[in-house]
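Where a number appears in this text, it was derived from the coordinates with a stated rule and is not lab data. Remember, predicted model here, so these are calculated numbers, not experimental data. Note: ideal-geometry Cβ built from the backbone for every residue, glycine included; neighbour counts use all protein chains shown.
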Amino acid sequence: MKYKNVLVLTDFSKDSDEAVKAAVDFAKKYNSRLTVLNVVRDTYNLTYVLSDSEYHGLERKLRRHAEELFDKMESKIPELAEIGYERKIRTGTPYISCLYEIEKGNYDLVFAGSHGRTDLKKVVMGSTAEKVLRRSPISVFVTRR
């Protein structure tokens, strides 16, 4: 099987950094195009308490923060810049946004870290990686730190 397009999910945690490193190594080996996706958690419910301008200002700040975290990730994992990759930022519920990107993006394989920033939530509602793994139409490679 050819792996032309590979997607890796990141929440910028240490576990997702391991998934990014594994995806970079994989993309080098198979000469794959690499896309790194971060999902900014949806803040739509704040529209009830914020004005339109405040809400859109918050959205812009969250996207800028994600871009800054991408820059930090690149400095920690310099191979990313060497192979070239595409950054994607989506807003929404993380696992739903990840599944939407998987279906829309014509990917052959997905990489995800086994735990993210919300280890406590995992006990109650399951991790994003687990939900993506169960529902993904393509193979998901889950890494461990």
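Highest mean first, how do 84-97, 2-15 rank when packing is the count of other Cβ atoms within 10 Å averaged over residues?
Values: 84-97: 16.8, 2-15: 19.6.
Ranked by mean Cβ neighbours within 10 Å, highest first: 2-15, 84-97.
When the helices in the chain are scored as -39500 (n - 2.57) per DSSP H run of 4 or longer and the sum is shared across all residues, what 222 nm value do you end up with, to the nearest 500 deg cm²/dmol? Kindly include the intermediate steps, with their values, before the conclusion.
Working: 6 runs with 73 residues, N = 145.
-15500 deg cm²/dmol, from helical runs alone.
Using 0.36 nm per residue of separation minus the Cα-Cα distance, give me the extension gain between ASP42 and ARG134 in nm, one decimal.
Going from the current span to full extension adds 30.9 nm.
Given +1 on the Cβ of Lys and Arg, -1 on the Cβ of Asp and Glu, and no further charges, what dipole in debye does region 5-143 carry about its Cα centre, rounded to the nearest 20?
It comes to approximately 200 debye.
Treat each spin label as a single point 7 Å out from the Cα along the C-beta direction, and report the LYS29 to VAL49 distance in nm.
Placing both labels 7 Å along Cα→Cβ, they lie 4.7 nm apart.
Simple spin-label model, 7 Å along Cα-to-Cβ: ILE89 to LYS104 in nm?
Reported label-point gap for ILE89 and LYS104 is 1.6 nm.
Which distance in Å, rounded to a whole number, links the C-alpha centroids of region 126-143 and region 39-102?
The distance from the Cα centre of region 126-143 to that of region 39-102 comes to 20 Å.
On full extension of the chain, what length is gained from LEU58 through SER75, given 0.36 nm per residue of separation minus the C-alpha to C-alpha distance?
Details: separation 17, 0.36 × 17 = 6.12 nm, distance 2.59 nm.
Gain on extension, LEU58 to SER75, equals 3.5 nm.
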